[in-house]
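What follows is a single structure, written as structure tokens, with notes after it.
Read the figures in this text as sums done on the coordinates, not as results from a lab. Computed from a predicted structure; not experimentally measured. In this analysis, Cβ positions are derived from the backbone assuming ideal geometry, glycine residues included, and neighbour counts consider all displayed protein chains.
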Amino acid sequence: MLDIDSVQGAEIAERHPMDELLRAERLPHIWCPGCGLGIVTKCLVEAIRHSGIPLDRHAIVSGIGCTSRLPGYLSFDTYHTTHGRAIPFATGLKIANPELEVTVIAGDGDLFDIGGNHLIHAIRRNVDLNIFCVNNFNYGMTGGQFSATTPTEAKTATSPYGNFEASFNLPYVVAAAGASYVSRWTTLHIRQLLKSMQRAYQVQGVAFVEIISPCPPTFGEQNNFDDGYAQMEYFRNYSRVDDHADLSTIGLTMRPPDQIVVGDFIDQRKPTYYELERAMLEKVRSRPE
């Protein structure tokens, strides 16, 4: 005898609210247990789903690294570029077709080490890009080497006695370069992160969100975090929301009791690259012969 409840249950199990946005055949993902990138993926597809922008207008660009594998699980237009080159590729897409909603999602090494120069000039030009940087404080995919965001004194595979170089304070850097929107959250702050991503899709110009994420097998193990949960517990115990923080003071050490200051720091309307380009063209066309 056919069990109707079982059949209906199987049909429901085969459906998911995100089916339109995810490549289910590529799941489960490759990220390590305790990694925050599953949470980031969930927030990203939710933000895109509720952005009000048709899916065929979205384009996601990434480079190389753990975070840059994320677009491979998305079922719409995504581009996997070379290491550090996601920003110029995304800039080209946006300038060639201003109707596209272009998002760059990549790690700290990709955006601020290999591609740092591209990043600051995209911000300077105020190209209309959404830039989501997942910061796990090291090159997680290639063995846990230190990066531009590794806190001073933190241990990595290439700084076993502690990193002696100064680290970038990401919100401070992008704010100084002139970003229209600057935000920072951790993967513990799921609702705030989702809201921030949704806001990014409304902002004209560069919208930048730093997402602080656990990296259990490399940065975590080297710095006395036993697992991903331990890092999330640090986020819970030592995070402080301050939307009006002095950005020059919010660098990260990842050592208790030092705090992680999170919030939506900057939200301003500035002329975008496209708007300035259109204004220049009109000025040229209106010149007397």
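Between ALA166 and HIS16, the distance separating the two model label sites (each 7 Å from Cα on the Cα→Cβ line) works out to 4.4 nm. From most to least packed by mean Cβ count within 10 Å, the peptides 47-57, 275-285, 215-225 give 215-225, 47-57, 275-285.
Once you reduce the stretch 14-72 and the stretch 108-164 to the center of their Cα atoms, the two points are 21 Å from each other. Taking Rg and Dmax of the Cα atoms in Å as calculated from this structure, the corresponding entry among [x] 20.2, 86; [y] 19.6, 59; [z] 18.6, 58 is [x]. The stretch between LEU27 and ARG278, if pulled fully straight at 0.36 nm per residue, gains 86.0 nm over its current Cα-Cα span. FRET efficiency for the pair GLN202 and ASP56, taken as 1/(1 + (r/R0)^6) with r the Cβ-Cβ distance and R0 = 22 Å, rounds to 0.70. Taking 0.36 nm per residue of separation and subtracting the current Cα-Cα distance, fully stretching the chain between ASP77 and THR249 would add 58.1 nm. Here the spin labels are modelled as points 7 Å beyond Cα on the Cα-Cβ line, and at ASP227 and LYS42 they lie 1.7 nm apart.
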